[in-house]
Amino acid sequence: MTVPLSSENDESNLPRPLSQDSLAGNFFGLTMLRTAFFLDGQNCYGNARRAFFNDLGPSSSGQFHPHLLANLILERKAEPHSLTGIWVYRGRPDRHLDPRGHSANVRQSNAWASLGVHVRPRQLNYPRDWPTSPAAEKGVDVWLAVDVVSKALRGEVDVVVLGTGDSDLLPAVEEVLTQTSCRVEVIGWRGPDYGQRLAVPGRNLWCNWINAADFDRIRDDTDYTRP
């Protein structure tokens, strides 16, 4: 959902007393808020391209490091948070139908995993007339929703941060908000003329907006198509 920029909340004026390195154990005896990030990889990538590159440029335009995104958001928080985990859900090209795309996807996923990110790949769905019609993700949003709800119901997290603009996730968000005490936040992408975030009717979820300066801190210009 694209929202008017005038309706955005803005974290730029919040104090930034904590770096991620300081978020270990208790903070002056206070309980840390266990925070988990659940990112729809393709959705976030697409929104970053539209916000900061006008959907133009090489395929690397819009790529970002998930661990840097999580650290950036957590360092803005006034309350003490601990990073429970980062999960990224994404489609994966078929190794036989698209070996180049498959290899690039695996290289990027391995780079993320080496930094502690939990990557959840699911093979793309190929229509009969592919490549005339493009392959599409199938089941990625369901996997993300199941993980969010299950971790919240089991009491494994205190704060869920969602990186997706897919309204199919709304039932999962409502389930978490009504059945648990878990807080739900979202990530938004804000360009000069573009603002995108997941909005839940009747709910005022906090949005962690990422602007162009923020994106420069987390961007990943690696060409993963190269071995």
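Structure above, values below:
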| item | result |
| --- | --- |
| Label-point separation, residue 75 to residue 175 (7 Å along Cα→Cβ), nm | 3.5 |
| Cut-off under 5 Å, modelled amide H: who pairs with residue 63 long-range | 220 |
| Under the Karplus curve 6.51 cos²θ - 1.76 cosθ + 1.60, θ = phi - 60°, whole-Hz ³J(HN,Hα) for segment 203-214, x wherever Gly or Pro sits | 10, 10, 7, 5, 10, 8, 7, 10, 9, 4, 5, 4 |
| Separation between Cα centres of segment 111-154 and segment 160-227, rounded to whole Å | 16 |
| Contact order normalised by residue count of the chain, Cα under 8 Å, 6+ apart, percent | 28 |
| Residues whose placed amide H lies under 5 Å from that of residue 188, excluding near-sequence neighbours | 208, 209, 210 |
| Listed values (1) -0.59, -0.96; (2) -0.37, -0.92; (3) -0.40, -0.84, entry calculated as log10 I(q)/I(0) by the Debye sum over Cα atoms at q = 0.09, 0.14 Å⁻¹ | (2) |
| In sequence order, calculated HN-Hα J values of segment 51-64 (Karplus, 6.51, -1.76, 1.60; Hz; x Gly/Pro) | 6, 10, 10, 6, 6, 10, x, x, 4, 6, 5, x, 5, 8 |
| Rough spin-label spacing in nm, given labels placed 7 Å along Cα→Cβ, for residue 212 and residue 94 | 4.1 |
| Label-point gap, in nm, between residue 222 and residue 53 - each point 7 angstrom along Cα→Cβ | 1.5 |
| Hz values of 3J(HN,Hα) by residue in segment 168-185 - Karplus curve (6.51, -1.76, 1.60), Gly and Pro given as x | 5, 7, 4, x, 5, 4, 4, 4, 5, 5, 8, 9, 9, 9, 5, 8, 10, 10 |
| For residue 119, residues with placed amide H under 5 Å, excluding near neighbours | 88 |
| Antiparallel content of DSSP bridges confined to the chain, in %, to 5 | 20 |
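Rule-based calculations on the coordinates, nothing more; no lab input. Because the structure is a prediction, the values reported are computed rather than measured. All Cβ positions, glycine included, derive from the backbone under ideal geometry; neighbour counts span all protein chains shown.
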